[in-house]
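I have placed the structure first, in the form of structure tokens, so that the comments after it can refer back to it.
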Amino acid sequence: MSAEEQANLLRVLVNCAEKAANIARTCRSNEELLGLLVQEKSGSEANERFEHDFKTLADVLIQETIKHEVGALFPAMQEAILGEESPNFTNKLGESVTIAVGSSEEDTASCLQAVLSGHEGAASALAKEVHQEVNFSSEKLGEIPQLPEELDYANLGIWIDPIDATAEYISGDTMFTDFPGITSTGLDCVTVLIGVYERDTGVPVIGVVAQPFGDKLEENVYSSSMFWGVCLPTLQAHNCDFEARDENRRLGIFSSSEQSDILQRFLDLGYEFAFSAGAGHKALKVITHEVDVYLLSKGSTFKWDTCAPQAILRAIGGDVLDYTASVAERKAVPLKYLMEDSETDPDWKRNAGGIISVRNVNVVEELLAKLCEQ
């Protein structure tokens, strides 16, 4: 029996997401360490929406850990495991280091020491988390289904966002919206996103979203909230059965920079608004049925932001649509993840047309009719 046949890809991704959350919490637990790990992004890596954009060693280390673990168990997928971050990191001495997960804890610690400029204790602590065996369990996780035997792993690719809402992760400041339980900023907005898609169709089929700081156990001590969904031709499953916040209220969630004329159209349809940080977090609020729709008209999200939430939404009867294409064609046009686009479009990683995330595709027709009004 091959390693692929022995391993359950969904279970592997859930465990990877929890390992990612452990790394994120380890990095965040010490302000001095966090200060060492932050490196401002620049040039083509920066997101033009923000005056400052950051990457942390946690981002890079999480991404490379997931690539290492999934690639080892599912070698047919290895070349199509992609993420947000470059593995190159510049330490405080100005030296460029490529982050790589070694074959042993000691090898990984040695690599991390080069980034952390001699902070051996911090490097060892992170390497320990990378190589530690993780088997996430929670009563909210649900039963992980067996995936179809005919699943073609060579036709699957992965998009990883190791820490979505990095600025929130760094600052940690929390503010609440007018809706109980929905934060506008803070650690609650931080997510780990792992999405699997079919390489021939570009359709997302498996998604895992983790909140490393989802459950506060005590001051500065957290555990993860974990959400998953599978939407394959012969299997549809998820752990996302949530009742609507209020059946009599229509709620939308947006970026604080959303266009006023678009917000007005939602007002005309009777929607109330929440504004929040993190594309993954806002999509998660749709998944958990705390809001009905998340719309972003700007092309400021990327494949790694949407692949995982879209797979989960598809499993529960929703989807993530291309905003511009859907309005132009006056019908739902789901996002696709086609590698062949990289050959012709230099901006292929970006969701250039904006996005509409819905939990129920039946609301799309009314939304598009209103958005299409002149």
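The values are calculated or read from the model by the stated rules, or taken from the named source; none is laboratory data. Not measured: the values here are computed from a predicted model. Cβ sites come from the backbone with ideal geometry, for glycine too, and all protein chains shown count toward neighbours. The protein model used for the area step is the full one, side chains on, heavy atoms only, and it has no ligands, DNA or RNA in it. Shrake-Rupley method; radii C 1.70, N 1.55, O 1.52, S 1.80 Å.
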Residue satisfying condition, being of a type in the set (D, E), at pLDDT 65 or above and farther than 16 Å from Q113 by Cα, within set E40, E18: E18
Matching residues, the stretch 208-235, being in contact with a Pro (Cβ under 7 Å, 6 or more places away or on another chain) and of a type in the set (V, I, T): V209, V230, T234
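Quick one: which residue in E247, E168 is modelled with pLDDT under 95 and either over 27 Å from G142 (Cα atoms) or crowded, with 24+ Cβ neighbours inside 10 Å (or both)?
E168
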So which of S110, S124 ends up being over 15 Å from T56 (Cα atoms) and either open to solvent by less than 50 Å² (accessible area, probe 1.4 Å) or within 27 Å of the chain's Cα centre (by Cα) (or both)? S124
Residues that are within 21 Å of Q211 (Cβ to Cβ) and open to solvent by 80 Å² or more (accessible area, probe 1.4 Å): does the stretch 234-241 have at least one? yes
Report yes if D188 is acidic (D, E) and open to solvent by 40 Å² or more (accessible area, probe 1.4 Å), otherwise no. no
Tally up the residues in the stretch 258-301 that are more than 20 Å from F227 (Cα to Cα) and either open to solvent by 20 Å² or more (accessible area, probe 1.4 Å) or not in a strand (DSSP E or B) (or both), please. 21
Somewhere in the stretch 344-367, is a residue part of a helix (DSSP H, G or I), open to solvent by less than 20 Å² (accessible area, probe 1.4 Å) and out of contact with any helix residue (DSSP H, G or I) (no Cβ under 6 Å at 6 or more places or on another chain)? yes
